[in-house]
Amino acid sequence: MVNSVKIGKSDVLSGPLGLGTNKVGGHNLFDGLKDEDGAEVVKTALNDGISLLDTAFMYGLGKSEEIIGDVTQNFDRSKFVIASKAAQDPNNDLKPNNDPKFLTKSIDEALERLKTDYIDIFYIHFPDDHTPKAEAVDALAQAKKAGKIRAIGISNFTLDQIKEANADDQVDVVENHYSLLHRDAEKEVFPYLKANHISFVPYFPLASGLLTGKYHQNDAGKFSQFSTDEFSNIIASLARVKAIADKHQATIAQTILAWYIANPNIAVVIPGARLPEQVDSNAKALDVQLSQAEFNEIDQLF
């Protein structure tokens, strides 16, 4: 595998670009999704050399996993990585549940939906407020020993919760919100992960489309989390990214994805896609080789 990335302390190897599949079967999250589009998205990703499929029970309450399970029957299982997640309890209003028995059952059910003998990375999708974190992780460690999963992940955990979960040094990977516009993890989370050989996967890397360059100054109202000045600065910074992108005959989104791929703190970047052509476009980010100066410029712009 070209530029393969080792996931934590596990023996899972992935390419640096994955596919986020919340728009594959995620009818509870997005309007107007078609299952046949979702199947084509997964197929296109695997054909384009995107080697990690990131899914979860919460994406369509199992539907995303089912679509991936169907599509991947026609591909060599050893050539791609499946990551899935569970925590939302269907018997308790989808509230997070990290009880070891619940997580063990969730892994077994995910294996059935995905039609596979093993899941490469399994994450606790959200922490609950009562299960000791190390106990929850130990349930995943037992599944790993049984060969059902190959790497242990946690998602949406704070730094203190990550430390508690990793009390026995069993966590391989953390998936949390991070982008060029949301960089809190750099202060304390990244140093801890690096010191403990834990990989990092960011979700929302394109900041809900803002970092693709498709928005303009008059779209500020769609992003109320930013002040007018902050939004203006983001748009101006993206204009500079476009100048770098043009040198590589790439889009702004491909150039931003290339920045994540080149970032030593990031293992795999997992942009989502609703349609196959978006997957094709994202895959071209693998061909964008930023110079150190370009990487640093983008880093400083944001």
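The values are calculated or read from the model by the stated rules, or taken from the named source; none is laboratory data. None of these values were measured; they are calculated from a predicted model. Here Cβ is always computed from backbone atoms with ideal geometry, including for glycine, and neighbour counts include all displayed protein chains.
Assess whether E109 counts as being acidic (D, E) and either in a strand (DSSP E or B) or under 30 Å from V241 (Cβ atoms) (or both).
No.
Can you report the number of residues in segment 112-138 which are within 24 Å of P202 (Cα to Cα) and either at pLDDT below 95 or assigned to a helix (DSSP H, G or I) (or both)?
Counting residues in segment 112-138 that are within 24 Å of P202 (Cα to Cα) and either at pLDDT below 95 or assigned to a helix (DSSP H, G or I) (or both) gives 6.
Within segment 33-40, is even one residue at pLDDT 95 or above, outside any loop (DSSP other than H, G, I, E, B), among the small types (G, A, S) and touching a helix residue (DSSP H, G or I) at 6+ places or on another chain (Cβ under 7 Å)?
Yes, segment 33-40 has at least one match.
Of all helices (runs of 4 or more DSSP H) completely enclosed by segment 217-302, which ones contain at least 2 residues that are without any contact (Cβ under 8 Å) to a residue 60 or more places away in the chain and in contact with a Ser or Thr (Cβ under 8 Å, 6 or more places away or on another chain)?
Helices (runs of 4 or more DSSP H) meeting the threshold: 228-247, 252-262.
Under the condition of being acidic (D, E) and farther than 11 Å from K63 by Cβ, which residue from segment 21-37 is surrounded by the most Cβ atoms within 10 Å (Cβ to Cβ)?
D37
Out of all the residues in segment 259-281, is one or more of a type in the set (A, V, I, L, M) and either touching a Cys at 6+ places or on another chain (Cβ under 9 Å) or over 23 Å from A83 (Cβ atoms) (or both)?
no
Could you please find all residues in segment 185-242 being among the aliphatic types (A, V, I, L, M), loosely packed, with under 15 Cβ neighbours inside 10 Å and closer than 26 Å to L159 by Cβ?
If the condition is that a residue be among the aliphatic types (A, V, I, L, M), loosely packed, with under 15 Cβ neighbours inside 10 Å and closer than 26 Å to L159 by Cβ, then A195 is the only one that fits.
Looking only at residues in segment 41-69 that are free of Cβ contacts under 8 Å to residues at least 40 places away in the same chain, of a type outside the set (A, V, I, L, M) and part of a helix (DSSP H, G or I), which one is nearest to I152 (Cα to Cα)?
So, considering only residues that are free of Cβ contacts under 8 Å to residues at least 40 places away in the same chain, of a type outside the set (A, V, I, L, M) and part of a helix (DSSP H, G or I), the one nearest to I152 (Cα to Cα) is K63.
Among what's in segment 142-195 and is in contact with a strand residue (DSSP E or B) (Cβ under 8 Å, 6 or more places away or on another chain) and among the aromatic types (F, W, Y), pick the residue that is farthest from E230 (Cα to Cα).
Here the residue is F157.
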